[in-house]
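S.K.: Structure in structure tokens, see below.
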Amino acid sequence: MLQSFQIIGYSGGVPTQDRGVTCVMVSTTNYDVMIDCGEGSYLRWQKAGYKWKNLKYILITHMHPDHIGGLIPLLFYRKLFGIDSLLTLIGPPQLKEYFEDCYRHSGLSNNQDLQWIDISTNNQINFQNDIHINTMEMKHKIPCWGYRISDSGKNLVFITDTLPNANAVKLSENADVLIHEATFTHNMREKAKKHFHTTEIQAMEIADKAKVKRLILTHFSQRLTDRDVQEWIWNGKSCIVFDERVEI
Ligand SMILES: [Zn+2]
Ligand SMILES: [Zn+2]
């Protein structure tokens, strides 16, 4: 069963002293799922109280450094801690080769039990204990995928680094929680378009069309202050949770 989510990194592009780059934890009754692993995710993940033994799946949206910069260090620390249980990594086709190249160039051997799933060829994946994953491709500068995580009753959708697009609406249909990027405010929509990102108003339109129950916004440009984003309300509720742990 899906239990909670926590956005442990919510800065877009560049981290700040207070905000890490993208990393989201989704906890189920039996294990945790990490989505994206930007630089610095390990320490934030550890500080939030997550444990190696529960980390069974890592989902990666795309290969930009603010989404994968913490992955090689995380896997290296996992190796140093001697964690050898199965970890499944799901993401773009280059992900496995990226890991193998980094390990090879660093003179590291892999003694962990890692399983790799290429989402360009697998858009439906079943996890342990009846958790299902659906993915759809988004529209970014490089290939990028959104994820829908469901159990028998509830679901959560995570979409980041994309222009507003029809797949975002389709993947989010009737979701209990949609976590969507809002890198720029709507008065910067030309800049958002140029960089293949979404504004807060565009994300709210997606939430409207998809009839989701709750919209949470993330991946903020460093120009946006906490106070700026705290004004974002959709359907009578705040779109901002920062890094608090929220029940699904
Ligand atoms: Zn990004
Ligand atoms: Zn990106």
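S.K.: Which one of 206, 149 is within 26 Å of residue 72 (Cα to Cα) and either touching a Phe, Trp or Tyr at 6+ places or on another chain (Cβ under 9 Å) or away from ligand 1 (no atom under 16 Å from the Cβ) (or both)?
M.R.: It is 149.
S.K.: Under 7 Å by Cβ, and 6 or more places apart or on different chains, what pairs join a residue from the range 3-18 that is in contact (Cβ under 8 Å) with a residue 12 or more places away in the chain with one that is part of a loop (DSSP other than H, G, I, E, B) and among the β-branched types (Val, Ile, Thr)?
M.R.: 3/29; 3/248; 4/248; 5/248; 7/241; 9/22; 12/183
S.K.: Could you say whether any residue in the range 194-213 is among the β-branched types (Val, Ile, Thr), without any contact (Cβ under 8 Å) to a residue 12 or more places away in the chain and under 24 Å from residue 38 (Cα atoms)?
M.R.: Looking through the range 194-213, none of the residues is among the β-branched types (Val, Ile, Thr), without any contact (Cβ under 8 Å) to a residue 12 or more places away in the chain and under 24 Å from residue 38 (Cα atoms).
S.K.: Quick one: which helices (runs of 4 or more DSSP H) sit completely within the range 1-105 and have at least 1 residues that are over 25 Å from residue 183 (Cα atoms) and at pLDDT 95 or above?
M.R.: Ranges flagged: 41-47, 71-80, 95-105.
S.K.: Could you check, for the range 43-66, whether at least one of its residues is over 29 Å from residue 163 (Cβ atoms), touching a Phe, Trp or Tyr at 6+ places or on another chain (Cβ under 9 Å) and surrounded by 22 or more Cβ atoms within 10 Å (Cβ to Cβ)?
M.R.: No: the range 43-66 contains no residue that is over 29 Å from residue 163 (Cβ atoms), touching a Phe, Trp or Tyr at 6+ places or on another chain (Cβ under 9 Å) and surrounded by 22 or more Cβ atoms within 10 Å (Cβ to Cβ).
S.K.: Residue 33 - would you say it is crowded, with 23+ Cβ neighbours inside 10 Å, farther than 18 Å from residue 129 by Cβ, in contact (Cβ under 8 Å) with a residue 60 or more places away in the chain and not small (Gly, Ala, Ser)?
M.R.: No, not satisfied.
S.K.: Name the strands (runs of 3 or more DSSP E) wholly within the range 132-248 that hold at least 2 residues that are surrounded by 21 or more Cβ atoms within 10 Å (Cβ to Cβ) and among the aromatic types (Phe, Trp, Tyr)?
M.R.: Of the strands (runs of 3 or more DSSP E) lying wholly inside the range 132-248, those with at least 2 residues that are surrounded by 21 or more Cβ atoms within 10 Å (Cβ to Cβ) and among the aromatic types (Phe, Trp, Tyr) span 145-150.
The values are calculated or read from the model by the stated rules, or taken from the named source; none is laboratory data. Predicted model, so just to flag it, every value in this text is computed and none were measured. Because the Cβ atoms are built from the backbone with ideal geometry, glycine has one as well, and the counts that use them run over all protein chains shown.
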